[in-house]
Amino acid sequence: MSDPVADLIEAEGLPESYREVVEQHWEPLATRIARLPASRAPLVIGINGAQGSGKSTLCKFLEVLLARRRIRAVTLSLDDLYLTRAERLQLAEEVHPLFATRGVPGTHAVAMGLGIIEDMLAGRALDLPRFDKATDDRAAEGTRITGPVDVLLLEGWCVGAKPQDAAALAEPINPLEREEDPDGIWRSLVNHWLSEDYARLFDQIDLLVMLKVANFDAVRRNRALQEQKLRAANPDAPNVMDEAALERFLAHYERLTRHMLAEMPDRADVVIEIGPDQNPLPPAKD
């Protein structure tokens, strides 16, 4: 009989030793999700983690592990809710040029995410959107979902984030903010949207899981590896970034990433420390 976990390890190109990660971390998390009171369907599990922390991989294993328990889980990435390239360019022209770059609050179709949850709660068939990072635009076709969904895995780099205090926005934290947002308009709008539209989406979360990297330098390393893989898979893609472009791209994420690393561990329901190899650190011994 086929072993879905072994099949997934092979499909993801992971070493056989990754089974230990599954047993030590993902199995207990799947058990905890399975034991949550089924007050509604789907339950929404928020998976937060900086770029390269392993959110997508975790969700794939949770789908398999929950299926073993006869629980149907479906993954929705916050990335797949990005506004189209044309919509972001319009936002950049009418509001602030920095909104041309995907990623921060304000560049997602949050209403679409809320509509997806509403459709799932009502048991309606729906299409999950998909975003193509190689072309920097929403894919023409989504993924059709029919039938009841027990668990929605909502994953994304800023899932569950809370806004900063207004006073914290005064000083720029990197050259991008200093040179391209000297008056703080962009970062203030990001913070505002985080307290409004995004708060309504994140209020749907029943359990918040944080994959916590050590610091922002780890984000740089992990995101560079992601870009290398994207370049290898799509060598002719027009929007694959070189080192300078990647550094500028990450600067858009820096403020909120540092904020989440500082404040989210104290309120997340589950915090899993991620090591430099992008795998969870071994559980602490009693």
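Things to note:
- Test result for Arg85, closer than 28 Å to Asn215 by Cα, touching a residue at least 40 places away in the same chain (Cβ under 8 Å) and of a type in the set (Lys, Arg): no
- Hey, Gln164 closer than 22 Å to Val95 by Cα, touching a residue at least 24 places away in the same chain (Cβ under 8 Å) and not small (Gly, Ala, Ser) or not: yes
- Filter result for Asn191 (under 22 Å from the mean Cα position of the chain (by Cα), surrounded by 14 or more Cβ atoms within 10 Å (Cβ to Cβ) and not small (Gly, Ala, Ser)): yes
- Test: residue in the range 93-107 that is surrounded by fewer than 18 Cβ atoms within 10 Å (Cβ to Cβ), more than 15 Å from Asp132 (Cα to Cα) and without any contact (Cβ under 8 Å) to a residue 12 or more places away in the chain: yes
- Listed by first and then second residue, the pairs with beta-carbon distance under 6 Å, at least 6 apart or on different chains, first residue in the range 49-68 and over 15 Å from Val22 (Cα atoms) and touching a residue at least 12 places away in the same chain (Cβ under 8 Å), second β-branched (Val, Ile, Thr) and assigned to a helix (DSSP H, G or I), are Ala50/Val219; Ala50/Thr257; Gln51/Val219.
- Odd one out for Ser77, checked against (1) touching an Asp or Glu at 6+ places or on another chain (Cβ under 9 Å); (2) on the phi > 0 side of the Ramachandran plot: (2)
- Pairs, first among the β-branched types (Val, Ile, Thr) in the range 1-18, second surrounded by 14 or more Cβ atoms within 10 Å (Cβ to Cβ), C-beta under 8 Å, six or more apart: Val5/Arg19; Val5/Val22; Val5/Phe61; Val5/Val64; Val5/Leu65; Ile9/Tyr18; Ile9/Arg19; Ile9/Val22
- When each of Val64, Val104 is tested for being β-branched (Val, Ile, Thr), touching a helix residue (DSSP H, G or I) at 6+ places or on another chain (Cβ under 6 Å) and assigned to a helix (DSSP H, G or I), the lone residue that passes is Val64.
- Hits in the range 43-61 - residues which are buried (at least 21 other Cβ atoms within 10 Å of the Cβ), in a helix (DSSP H, G or I) and not hydrophobic (A, V, I, L, M, F, W, C): Lys55
- Residue in the range 119-135 that is of a type outside the set (Val, Ile, Thr), free of Cβ contacts under 8 Å to residues at least 12 places away in the same chain and part of a helix (DSSP H, G or I) present: yes
- Criterion (part of a strand (DSSP E or B) and at pLDDT 95 or above) met by exactly one of Leu154, Leu176: Leu154
- Flag set for Ala161, criterion: part of a loop (DSSP other than H, G, I, E, B) and crowded, with 19+ Cβ neighbours inside 10 Å.
The values are calculated or read from the model by the stated rules, or taken from the named source; none is laboratory data. Since we're looking at a predicted model, the values are computed, not measured. Note that each Cβ is placed from the backbone with ideal geometry, even for glycine, and that neighbours are counted across all protein chains shown.
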